[in-house]
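Student: Let me begin by handing over the structure; questions about it come next.
The values are calculated or read from the model by the stated rules, or taken from the named source; none is laboratory data. None of the values given here were measured: they were computed from a predicted structure. Positions of Cβ are generated from backbone atoms using ideal geometry, with glycine treated the same way; all protein chains shown enter the neighbour counts.
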């Protein structure tokens, strides 16, 4: 078994374990505020990250770890795991579908393995660098070419409400020119939806490494273009097939 296959198998196993933990929703919630009062973590975010980290280190004790909820460990092996234990915490807290567990592994050249597991929509995406992208074991490809006026675009909004003014400028520019907008509520799911052709494109500000790592690899291996650049003091990420990606980039206001 190659190292990619070994890492992928482990990531898939751990994501499924975390999914089983999370679908057993608690009777009451313990909430912690992070960057703002509406940027929350629950006790289940913490429990999921603890499970994932413990399982990784039991199998690969020399690997590094970067976790959204604070797990951090330097790599001695050349491989680092990038974890979002509950991507879409607000969805999870409210009982809405689409939240996921996002697990990626990177080396010196970038992300080598990505797994996104979303139990509420019975979907597990995975990809390896250079090995294609898959949904529940079936190879996927993004929609391309898609014209802007036929494009279904997903987006999300910042936890810092001050940033939403700029995000509304994006919506104001795009909405009259596209098919429609969807707000799914979990970045990794949005990226995987682009890869699977469920939506045509995705645009959002403020994504962190753990939001992007697995989903961006999956979308890229499915043929999409995924970029992140500075815009109005924020990081703006755009994902779509090559033709639509070029059109979306042209529409971004200054």
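Student: Filter the stretch 35-62 down to the residues that are in contact (Cβ under 8 Å) with a residue 40 or more places away in the chain and in contact with a strand residue (DSSP E or B) (Cβ under 8 Å, 6 or more places away or on another chain) and list them by number.
Tutor: Those that are in contact (Cβ under 8 Å) with a residue 40 or more places away in the chain and in contact with a strand residue (DSSP E or B) (Cβ under 8 Å, 6 or more places away or on another chain): 39, 40, 41, 42, 44, 45, 48, 52, 56.
Student: Any chance you could count how many residues in the stretch 22-45 are crowded, with 17+ Cβ neighbours inside 10 Å and assigned to a helix (DSSP H, G or I)?
Tutor: Of the residues in the stretch 22-45, 3 are crowded, with 17+ Cβ neighbours inside 10 Å and assigned to a helix (DSSP H, G or I).
Student: Another question about this same structure. Is there a residue being within 14 Å of residue 208 (Cβ to Cβ), out of contact with any helix residue (DSSP H, G or I) (no Cβ under 6 Å at 6 or more places or on another chain) and at pLDDT 95 or above anywhere in the stretch 57-77?
Tutor: For the stretch 57-77, residues within 14 Å of residue 208 (Cβ to Cβ), out of contact with any helix residue (DSSP H, G or I) (no Cβ under 6 Å at 6 or more places or on another chain) and at pLDDT 95 or above: present.
Student: Is one or more of the residues making up the stretch 83-106 assigned to a strand (DSSP E or B), surrounded by fewer than 21 Cβ atoms within 10 Å (Cβ to Cβ) and touching a residue at least 24 places away in the same chain (Cβ under 8 Å)? Let's see the steps before the verdict.
Tutor: So in the stretch 83-106, the residues assigned to a strand (DSSP E or B) come out as 83-87, 100-106.
Imposing the further condition that a residue be surrounded by fewer than 21 Cβ atoms within 10 Å (Cβ to Cβ) reduces the set to none.
So far as the stretch 83-106 goes, no, none of its residues is assigned to a strand (DSSP E or B), surrounded by fewer than 21 Cβ atoms within 10 Å (Cβ to Cβ) and touching a residue at least 24 places away in the same chain (Cβ under 8 Å).
Conditions tested, residue by residue: (1) part of a helix (DSSP H, G or I); (2) touching a helix residue (DSSP H, G or I) at 6+ places or on another chain (Cβ under 8 Å); (3) surrounded by 15 or more Cβ atoms within 10 Å (Cβ to Cβ).
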{"position": "159", "(1), (2), (3)": "no, no, yes"}
{"position": "162", "(1), (2), (3)": "yes, no, no"}
{"position": "169", "(1), (2), (3)": "yes, no, no"}
{"position": "175", "(1), (2), (3)": "yes, no, no"}
{"position": "184", "(1), (2), (3)": "no, yes, yes"}
{"position": "188", "(1), (2), (3)": "yes, yes, yes"}
{"position": "194", "(1), (2), (3)": "yes, yes, yes"}
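Student: Hey, another quick one. Could you check residue 132 against (1) under 19 Å from the mean Cα position of the chain (by Cα); (2) under 30 Å from residue 233 (Cβ atoms) and say which number it fails?
Tutor: For residue 132, the exception is condition (2).
Student: For the stretch 131-148, which positions are within 18 Å of residue 9 (Cα to Cα), out of contact with any strand residue (DSSP E or B) (no Cβ under 8 Å at 6 or more places or on another chain) and touching a residue at least 40 places away in the same chain (Cβ under 8 Å)?
Tutor: Of everything in the stretch 131-148, just one residue is within 18 Å of residue 9 (Cα to Cα), out of contact with any strand residue (DSSP E or B) (no Cβ under 8 Å at 6 or more places or on another chain) and touching a residue at least 40 places away in the same chain (Cβ under 8 Å), namely 131.
For (1) within 30 Å of residue 11 (Cα to Cα); (2) touching a residue at least 60 places away in the same chain (Cβ under 8 Å), each residue gets a yes or a no:
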| position | (1), (2) |
| --- | --- |
| 150 | no, no |
| 162 | no, no |
| 172 | no, no |
| 183 | yes, no |
| 189 | yes, yes |
| 206 | yes, no |
| 214 | yes, yes |
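Student: Which of (1) modelled with pLDDT of 95 or more; (2) closer than 22 Å to residue 212 by Cα; (3) in a loop (DSSP other than H, G, I, E, B) is the odd one out, the single condition residue 51 does not satisfy?
Tutor: Answer for residue 51: the failing condition is (3).
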